[in-house]
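First comes the structure, then the notes that go with it.
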Amino acid sequence: MTSLRSVVVGTGSSLPARVVTNAELTERVDTSDEWIVQRTGIRQRYLAAPEETTSVLGTRAAQAALDDAGLSADDIDLVICATSTPDHTFPSTATQIQAALGIRQGAAFDLQAVCAGFVFAVTTADKFLTTGGARRALVIGAETFSRIVDWEDRTTCVLFGDGAGAIVLEAREAEAAEGRGVLSSSLRSDGRHRDKLYVDGGPGSTGTTGHLRMEGREVFRFAVGSVTDVIVEALERAGTTAADLDWFVPHQANRRIIEASADKIGIARDKIVLTVDRHGNTSAASIPLALDVARRDGRIREGDLVMIEAIGGGFSWGAALIRW
Ligand code: ACO
């Protein structure tokens, strides 16, 4: 049997038009630029206008990724959209993006692992591609967390932003892939942590969308204390070490969490791709947004070893190692 690899052949991203600085937020809640920057590293975020829905942002990012790959709608036979803020309870945001792009073949579905959604989606797409279940996948992270944030709660509303990012993964025979592709991944979930980070509504409980609730200190402690296990496992599965990484592209929730995790694993600070300062926490969109930034500004190049890693509500967390 031929062995297959999922190779990244394009990236794209999309941000809402409106930038909101920390200073602007001080008009809304009792906070300060100094507090937000010192605790989180966030200086600004993008907030979606009513017509900039998750599927609109996701479609723009996916189209940009297709353009980057030099591919068209006819080339894609799998669309996975990681999101916790779908336009509607159903149909899936992925099917709306599929329709908007004019993709008529293959399957499209949403994947919900909150902030870890993109890592789960890449891992899922990789299973399809390497087992012959699909040939080319659009893997998208798209969110409008501004719709589920409680704008009266200063402990959470300052943290989040909206946006979308996407990559195109292509199945190639291992020999033709020349070492490139998704090399390994490691995913975990532990539902006992539900109350530390959740949304207090939903179609099956309150019949409302609900608002995000978070015990910030608990999330921080878990994020730094426990999630490095998936990074270590992904490295071990690929037979490599942190010293071999060219780039570490973690979920962009908080600069302090990112730097503490990198220090713990022994990843040099100059290998971290950091976008939380300008994007805020865009949940499942944060990693593909950061990947697109670092690829377009020339940092991530073909052949580089890239680690993506995230933790989100559930808790669910994961890491994947990609030879770009
Ligand atoms: N502006 C000013 N003061 C604030 C604000 C704000 N926006 N928010 C909270 N405070 C106050 C609190 O009321 C508290 O005041 P008190 O001491 O008088 O009671 C004080 O600041 C300290 O609050 P803490 O919650 O202890 O602050 P902490 O240092 O833990 O920082 C933060 C809070 C930034 C949320 C931190 O816990 C964190 O980053 N946690 C991780 C959560 C996270 O990133 N979640 C994102 C979603 S999950 C994910 O993506 C992984």
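Descriptive notes on the structure:
- Residues of the stretch 170-194 that are in a strand (DSSP E or B) and either over 23 Å from the mean Cα position of the chain (by Cα) or surrounded by fewer than 18 Cβ atoms within 10 Å (Cβ to Cβ) (or both): 172, 173, 188, 189.
- Qualifying residue in the stretch 306-317 (condition: in contact with a Lys or Arg (Cβ under 6 Å, 6 or more places away or on another chain) and modelled with pLDDT of 95 or more): yes
- Residues located in the stretch 197-229, provided they are closer than 21 Å to residue 308 by Cα, surrounded by fewer than 16 Cβ atoms within 10 Å (Cβ to Cβ) and not small (Gly, Ala, Ser): 221, 229
- Flag if residue 95 is more than 16 Å from the ligand (Cβ to nearest atom) and either of a type in the set (S, T, N, Q) or under 18 Å from the mean Cα position of the chain (by Cα) (or both): yes
- Residues of the stretch 133-157 satisfying the condition of being buried (at least 24 other Cβ atoms within 10 Å of the Cβ) and within 14 Å of the ligand (Cβ to nearest atom): 141, 143, 145
- In the stretch 269-285, the residues that are under 23 Å from residue 182 (Cβ atoms) and among the small types (Gly, Ala, Ser): 283, 284, 285
- Any hit, the stretch 17-39, residues being in the same structural domain as residue 133 (by TED's automatic domain parsing) and under 12 Å from residue 144 (Cα atoms): no
- Condition check for residue 193: within 16 Å of the ligand (Cβ to nearest atom) and in contact with a Phe, Trp or Tyr (Cβ under 7 Å, 6 or more places away or on another chain): yes
- Yes/no for residue 66 being within 16 Å of the ligand (Cβ to nearest atom), out of contact with any Lys or Arg (no Cβ under 8 Å at 6 or more places or on another chain) and among the hydrophobic types (A, V, I, L, M, F, W, C): no
- Scanning the stretch 1-20 for residues that are farther than 22 Å from residue 297 by Cβ and either in a strand (DSSP E or B) or within 13 Å of the ligand (Cβ to nearest atom) (or both) yields 4, 5, 6, 18, 20.
The values are calculated or read from the model by the stated rules, or taken from the named source; none is laboratory data. Predicted model, so just to flag it, every value in this text is computed and none were measured. In this analysis, Cβ positions are derived from the backbone assuming ideal geometry, glycine residues included, and neighbour counts consider all displayed protein chains.
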